[in-house]
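Only the coordinates and a few stated rules stand behind these numbers; no lab work does. Note that this is a predicted model, so its numbers are computed, not measured. Here Cβ is always computed from backbone atoms with ideal geometry, including for glycine, and neighbour counts include all displayed protein chains.
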Amino acid sequence: MHGDVLARDLLLQGFEFQGQRVPLVAPNGIFKPKILRLPLSITTTVKGPYDDNYLEKDGFLQYRYRGDNPNHVDNVGLRKVFELNLPLIYLHGLQPGRYLAVYPVYIVGDDPGTLTFTVSVDDPLPTYAYSESNISRQTAEMSDARHAYITATVKVRLQQRSFREKVLDAYRSQCAFCRLKHRVLLDAAHIVPDSAPESKMTIDNGIALCKLHHAAYDSFILGVTPDYVIQVRADVLEEEDGPVLQHGLKGLHNTKLILPSLKNHYPSREALEWRYSRFIRV
C-alpha cells in the first residue's frame, strides 16, 4: 500500500499494540518504544551525526553506538537484542522525512573499541558461520553466499530508492516533459542507463518522468538534446493515431525540458550528448 519508502509522519503513526499506539521512529537512532523492553528500530538519517555505512569489504552495515559510552541505555538495549538474536527494523534516510524501510535486520557483532554494532540485512547469521566445527563447510558457504546475495540486493535497492527520491525532489515532483505531478506515477529516469559503465547515481544523470514518457525515452521514441530540447523520433511524427500519440508524444516535439530549480541539478550536457547520439542513430 505505501511501498518501502515511507514518510516520517507515517512512521510516527506506527501501529496499535495492546491498546496503545507504538511509533516506529523517534529523534534518537536506536529506538525503544515505552511499551517494549528492547529496541524496535534503528535509523540512519540524512546528514545525521553518525557515519553509519556499508563496509565494502564484507557488505555489513556498521551502525554507530549512541554517543561514546558503551553502557548508554540505548547501546545496552541493542546489545541485548544481539544476545537474543531478535529482529529489528532498519530505516535508512533517503531525503529529509523519507526513509527506506528494511526488515528484518539482525545485530551480528558488537565492537566497543570502534563504538559500532555490525548489522546483517535479512540474515540472522547462525553460530556455524563462525564455527565450522558445528556444521559442514559446504553449509557455511551456502549461508555466506545467501547473505552476500541479500546484502547486495538491499544495497542496490537503497541506491535506486535514494536516486529516485533525490531526482523527484529536484524536479519538484513533476514530469520534466508534461508536468504531471502525481508522485506515484513518476520515475527517476537515467540519462546514461545504469547498465552502462559511464552511468552515475547522481541527480544530473537523472530526469523525473511519468511512466509513459519514461518508457518512450528508454525506447528512443523521445530524445533530449544537450540544449534541453525534446525531440520526437521522425517516424513517430509521421504516424496518425489517437489523442495520446498526438498530445502525449507528438505535441512535445521541439518543446523545452522542464528543469530543476537549482542549476547544479540540471541534466549533465555530457550525459545528454551521450544519450542523444544514440537517439539519432535510432
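Let's test the formula: R0 of 45 Å, r as the Cβ-Cβ distance of residue 20 and residue 234. What FRET efficiency results, to the nearest 0.05?
My answer for the efficiency is 0.10.
Assuming 0.36 nm per residue, please report the length gained on full extension of the stretch residue 103 to residue 153 beyond their Cα-Cα distance.
16.7 nm
Quick one: Cα centre-to-centre distance for the range 73-126 and the range 1-34, in angstrom?
16 Å
What's the ranking of 205-217, 63-75 by average number of surrounding C-beta atoms within 10 Å, highest first?
205-217, 63-75
Output wanted: per-residue J couplings in Hz (rounded whole) for the range 232-241, from phi through Karplus 6.51 cos²θ - 1.76 cosθ + 1.60, θ = phi - 60°, x for Gly and Pro.
3J(HN,Hα) across the range 232-241, in whole Hz: 10, 4, 4, 5, 6, 4, 8, 6, 10, 8.
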